[in-house]
Amino acid sequence: MTFHELIHQRESIRSYDARPVETEKLHRILQAGRLAPSACNRQPWTLYLVSKPENLQRLHQCYSGTWMYDAPHILVVAGQRDAAWTRKADGYNSLETDLAIAMDHMILAATAEDVGTCWIANFDPEKLKQSGLFKSEEIVFAFTPLGYPAKEAGRGNQKIRNDLSEMVVYL
Ligand SMILES: Cc1cc2nc3c(=O)[nH]c(=O)nc-3n(C[C@H](O)[C@H](O)[C@H](O)COP(=O)(O)O)c2cc1C
């Protein structure tokens, strides 16, 4: 698969088979996160691979999408504000940028392994804090289920996007 085919193939999967993902595949997905760039190479992230049923259940309580419950794994990207780079000029902190890049690397790596994902941000941050799974000083940025798509999951790679002419400015 070429890079461009990979970009087209990735889509949000909201229906999962319960079959666990092979350890080697999970390792390669996590490696993609590890190799992501970050400002000043601070790598301000922790990558949580949640697979124990009792911990999956705790995460389910933090998000309303019951379609996620069948996925055998949930990958959570969290980080600490003071571990990320801050620009002196105006105080901009790169935490969310770094975590987004790590998550995107892993989502694309999962796609290359035929493993389905769906970026989730619409969770309840308070419930997540109370789940007891993460450090109190950590910001949970996003998570994604990881699992094989159930049959008929996805839209068959149809991309609903604005036209390039609406977003690109040639100067
Ligand atoms: C930052 C971000 C947050 C998202 N949060 C959610 C979410 O909480 N629940 C959900 O079902 N999808 C979520 N999505 C998935 C988007 O709805 C999806 O990427 C978009 O509709 C495009 O569809 P595609 O991923 O299939 O190409 C999120 C995506 C991004 C990038």
Residue match in the range 65-88 (condition: assigned to a loop (DSSP other than H, G, I, E, B), among the hydroxyl-bearing types (Ser, Thr, Tyr) and either out of contact with any Leu (no Cβ under 7 Å at 6 or more places or on another chain) or under 17 Å from residue 146 (Cβ atoms) (or both)): no
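For the range 52-92, give me each residue that is among the hydroxyl-bearing types (Ser, Thr, Tyr) and over 15 Å from residue 130 (Cβ atoms).
At the first step, the residues of the range 52-92 found to be among the hydroxyl-bearing types (Ser, Thr, Tyr) are 63-64, 66, 69, 86, 92.
Across the range 52-92, the qualifying residues are 64, 66, 69, 86, 92.
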Positions within the range 55-86 being loosely packed, with under 14 Cβ neighbours inside 10 Å and of a type in the set (Ser, Thr, Tyr), in sequence order: 64, 66
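One line per residue, one yes/no per condition, for (1) within 12 Å of the ligand (Cβ to nearest atom); (2) under 22 Å from residue 59 (Cβ atoms); (3) in a loop (DSSP other than H, G, I, E, B):
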{"site": "102", "(1), (2), (3)": "no, yes, no"}
{"site": "114", "(1), (2), (3)": "no, no, yes"}
{"site": "123", "(1), (2), (3)": "yes, yes, yes"}
{"site": "126", "(1), (2), (3)": "no, yes, no"}
{"site": "133", "(1), (2), (3)": "no, yes, yes"}
{"site": "137", "(1), (2), (3)": "no, yes, yes"}
{"site": "140", "(1), (2), (3)": "no, yes, no"}
{"site": "159", "(1), (2), (3)": "yes, no, yes"}
{"site": "165", "(1), (2), (3)": "no, no, no"}
Selection count, the range 10-27, where residues are surrounded by fewer than 17 Cβ atoms within 10 Å (Cβ to Cβ), touching a residue at least 60 places away in the same chain (Cβ under 8 Å) and either among the hydroxyl-bearing types (Ser, Thr, Tyr) or within 25 Å of residue 83 (Cβ to Cβ) (or both): 1
Lone qualifier among 15, 94, 38 - being in contact with a strand residue (DSSP E or B) (Cβ under 9 Å, 6 or more places away or on another chain), within 16 Å of the ligand (Cβ to nearest atom) and of a type in the set (S, T, N, Q): 15
Lone qualifier among 142, 121, 89 - being among the aliphatic types (A, V, I, L, M), surrounded by fewer than 17 Cβ atoms within 10 Å (Cβ to Cβ) and touching a residue at least 12 places away in the same chain (Cβ under 8 Å): 121
Condition met for residue 7 (surrounded by fewer than 18 Cβ atoms within 10 Å (Cβ to Cβ), of a type in the set (A, V, I, L, M, F, W, C) and in a helix (DSSP H, G or I)): yes
Residue list for the range 56-99, restricted to those being among the hydrophobic types (A, V, I, L, M, F, W, C) and farther than 25 Å from residue 31 by Cβ: 62, 67, 89
Only listed residue being touching a helix residue (DSSP H, G or I) at 6+ places or on another chain (Cβ under 6 Å) and in a loop (DSSP other than H, G, I, E, B), chosen from 18, 32: 18
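Where a number appears in this text, it was derived from the coordinates with a stated rule and is not lab data. Since we're looking at a predicted model, the values are computed, not measured. Glycine also receives a Cβ, built like all others from the backbone with ideal geometry; neighbour counts cover every protein chain displayed.
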